[in-house]
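Asker: Here it is, the structure in full.
Values in this text are rule-based calculations from the coordinates and carry no lab data. Since this is a predicted model, take the numbers as computed values, not measurements. Cβ coordinates were reconstructed from backbone atoms using ideal geometry, including for glycine residues, and neighbour counts include every protein chain displayed.
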Amino acid sequence: MKIMLKANGLWDIVCDGYKELEDDVEYTSAQKKENKEKSQENSRALAFIQSGVNEAIFSRILIEEEAKTVWEVLQLEFEGLDKVKSAKLVTLRREFDRLRMQEIDSVKEYVNKVQELLSQMKIHGEEYPKKQLVLKILASLPPRFDSKVDAIEESKDLDTLTINELVGSLQASEQRAVGRMEGSTEGAFQAKQRKKWDADDTKEGKRKFPPCPICRKTNHAEKNCWVKNKSKIQCFKCKGHGHKAKSCNKPMIS
């Protein structure tokens, strides 16, 4: 709201206030003209402020005719008395100084926390230097960013490095780390699944092999292929070769 009032040239009337001309005083034409312009500015400022508050606040400021008075009501409502503001600012400073990025936080989540605290501090009268903010973020990152922080400090001028550039660089590093982790996790999962399948096959008394290049079955290795070794197998019933006893229909030789 303050920015909107400034953009429309109305902030001075909110700060300085406006008073109606007294009836028993003679004023020059220039004074009357200036007062009329101030009156219009005051009305426009009131319109901007009234359109930017909720119904509950609107009902409290509706009877006020001076923009300066309305603004003072809003300051008391949202910022509080000076002592209250000072106490709140001390709390915000301590919270900001203790703020550290946790291992479970993403870069975006952490920067949002930082910016939210800075906004609260600004509302209560303190603006954190942008150059110091870069150093604050670098100093409060978890160990997984140590190598990236070293690279930034060596390759970048921290006095001119912007927050957007810093966040972009950190997010790129974060995404690469996530990609490596996902690949590693997927590989570990596949290995675990292979072990599980082998264990299941063992429990069932059978093991799966790659398809045999001779008979295409998966219950034996190529070297143990029945088709390949068929001529070498001797039936213990008939003493013949090329078949097993369970498929032999000849009488057993005593």
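Asker: Arrange the peptides 123-129, 13-19 so that the one whose residues have, on average, the most other Cβ atoms within 10 Å appears first. Before the final figure, lay out the partial values.
Answerer: Values: 123-129: 13.0, 13-19: 16.9.
Packing proxy ranking, top to bottom: 13-19, 123-129.
Asker: Please label the shape of segment 1-67 as rounded, prolate or oblate, based on the square roots a ≥ b ≥ c of the eigenvalues of the alpha-carbon gyration tensor (a/c under 1.5 means rounded; beyond that, a/b larger than b/c means prolate, else oblate).
Answerer: On the way: a/c = 3.46, a/b = 1.73, b/c = 2.00.
Cα axes put segment 1-67 in the oblate bin.
Asker: Quick check on segment 82-180: take the gyration tensor over C-alpha atoms, sort the square-rooted eigenvalues as a ≥ b ≥ c, and tell me if it's rounded (a/c under 1.5), prolate or oblate. If you can, show how the numbers build up before the last one.
Answerer: Values: a/c = 2.64, a/b = 1.85, b/c = 1.43.
Because a/c hits 1.5 or more and a/b exceeds b/c, segment 82-180 counts as prolate.
Asker: Moving to a separate point now. By the scheme Lys and Arg +1, Asp and Glu -1, what is the net charge of all other residues having a beta-carbon under 13 Å from that of residue 97?
Answerer: So the surrounding residues net to +3.
Asker: Quote to one decimal, in nm, the extra length available between residue 32 and residue 163 on full extension: 0.36 nm per residue of separation minus the C-alpha distance between them.
Answerer: Working: separation 131, 0.36 × 131 = 47.16 nm, distance 5.04 nm.
Answer, rounded to one decimal: 42.1 nm.
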